[in-house]
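Handing you a structure now.
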Amino acid sequence: MLGSVNMAEAAYVVASDNFDDPSYGFDGWDYQHAGTPDTGAMSVNQNGTMYATNDLSAGPITTDLYFSFTMTVGADTVLDPNMLVQFYFDSDPTNDPGSTMPWTFAPSVGLKSDQGGAGTSDFQARFAYSDQQYSSAEQATVGGTVGIIAKLSKSGGSAYDTLDLWVTDGTDTMPDFSSLGTPDATSFSAASTLESVATIGVFSVNLSGDDNFLLDNVVLATVPEPMTMALWGMGGIAGLAYSARRRKLANRNSETA
């Protein structure tokens, strides 16, 4: 709820997709592999550096933003080290984040199992390959679901350079962005040149056999400039839109329980 949040940190939902109802604020997913299942959730069961992409209907975002989704590990998945299933953010929908190795652009957030073989944490935020930071709050388990929340922000310049990460137990499909607390991990890049976000993408690496990851409850919310938020007021448009989306998902969950 927005009642006690600092005005500069209030979030306004601009796009969402639960893969049941029609998506809101997105142009529609384009899949690298024909026939990718996306009823109830997006099924990621093959490798693809542009596994799925989706443009924002309202055009590029230049302000700080929150992004959240849930990830469920399929029952037949074998969780080997260095499996990657992540969402990435870019200004150009034609950019392929895996066209060069190591990745040199497109901040991303999601699964990188066992820290790529270097540890035990499974979920990371990263700016390209240069700064990979992990959360130890939750781990990937076969059949388990986690909630992943990211904040992409600018620390003072024109380019996004900070990516915060929170990982939860996945029970809240519409997180309260105003009360997240200290991030589990933060990735920072002084070399970033990303000034706007116009497309959201998914990439997957090192999947095989019956590996399958279900992505669902995608939410993108912007953080308005302080002056804009002050004009809206604490109980204004941002709060109403945010609360409406929470009620919609809550009602849908209760109907299918």
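For residues that are surrounded by 15 or more Cβ atoms within 10 Å (Cβ to Cβ), of a type in the set (S, T, N, Q) and in contact with a strand residue (DSSP E or B) (Cβ under 8 Å, 6 or more places away or on another chain), tally how many sit in the stretch 154-179.
3
Within the stretch 82-90, is even one residue surrounded by fewer than 21 Cβ atoms within 10 Å (Cβ to Cβ), over 16 Å from the mean Cα position of the chain (by Cα) and not hydroxyl-bearing (Ser, Thr, Tyr)?
Yes - at least one qualifying residue is present in the stretch 82-90.
Being surrounded by 21 or more Cβ atoms within 10 Å (Cβ to Cβ) and either closer than 22 Å to residue 153 by Cα or touching a Pro at 6+ places or on another chain (Cβ under 6 Å) (or both): is that true of residue 134 here? Working first, answer last.
Values: surrounded by 21 or more Cβ atoms within 10 Å (Cβ to Cβ): yes; either closer than 22 Å to residue 153 by Cα or touching a Pro at 6+ places or on another chain (Cβ under 6 Å) (or both): yes.
The answer is yes for residue 134.
Could I ask something else about it? Would you mention how many residues in the stretch 48-91 are among the β-branched types (Val, Ile, Thr) and more than 18 Å from residue 113 (Cα to Cα)?
4
Got a number for residues in the stretch 34-46 being exposed (fewer than 13 other Cβ atoms within 10 Å of the Cβ) and of a type outside the set (A, V, I, L, M)?
Initially, the stretch 34-46 is screened for residues exposed (fewer than 13 other Cβ atoms within 10 Å of the Cβ), giving 34-35, 39-40.
Among the residues that remain, those that are also of a type outside the set (A, V, I, L, M) are: 35, 39-40.
The number of residues fulfilling the criteria is 3.
Six or more apart or on different chains, Cβ atoms under 9 Å: show the pairs whose first residue is in the stretch 123-151 and without any contact (Cβ under 8 Å) to a residue 40 or more places away in the chain and whose second is part of a loop (DSSP other than H, G, I, E, B) and surrounded by 24 or more Cβ atoms within 10 Å (Cβ to Cβ).
Between residues of the stretch 123-151 that are without any contact (Cβ under 8 Å) to a residue 40 or more places away in the chain and residues that are part of a loop (DSSP other than H, G, I, E, B) and surrounded by 24 or more Cβ atoms within 10 Å (Cβ to Cβ), the close pairs are 138/122; 139/122.
Any residue in the stretch 23-46 that is acidic (Asp, Glu) sitting within a Cβ distance under 9 Å of a residue that is at pLDDT below 90? List the pairs, counting only those 6 or more apart or interchain.
What qualifies is 30/93.
To continue, here is another question. Which residue, of 68, 108, 121, is hydroxyl-bearing (Ser, Thr, Tyr) and either out of contact with any strand residue (DSSP E or B) (no Cβ under 6 Å at 6 or more places or on another chain) or within 16 Å of residue 206 (Cβ to Cβ) (or both)?
Going through 68, 108, 121 in turn, the sole match is 108.
Separate question: Just need a number here: residues in the stretch 18-59 that are in contact with a Lys or Arg (Cβ under 8 Å, 6 or more places away or on another chain) and polar (S, T, N, Q).
Of the residues in the stretch 18-59, 1 are in contact with a Lys or Arg (Cβ under 8 Å, 6 or more places away or on another chain) and polar (S, T, N, Q).
Right, next: How about the stretch 57-81: which of its residues are at pLDDT 95 or above and either of a type in the set (Asp, Glu) or at positive phi (or both)?
64, 76, 80, listed by residue number.
While we're on this one: Regarding residue 194, is this residue of a type outside the set (Val, Ile, Thr) and closer than 28 Å to residue 79 by Cβ?
Working: of a type outside the set (Val, Ile, Thr): yes; closer than 28 Å to residue 79 by Cβ: no.
For residue 194, the condition - of a type outside the set (Val, Ile, Thr) and closer than 28 Å to residue 79 by Cβ - is not met.
The values are calculated or read from the model by the stated rules, or taken from the named source; none is laboratory data. Just so you know, these numbers come straight off a predicted model, no measurement behind them. No Cβ is skipped: glycine too gets one built from the backbone with ideal geometry, and neighbour counts run over all protein chains shown.
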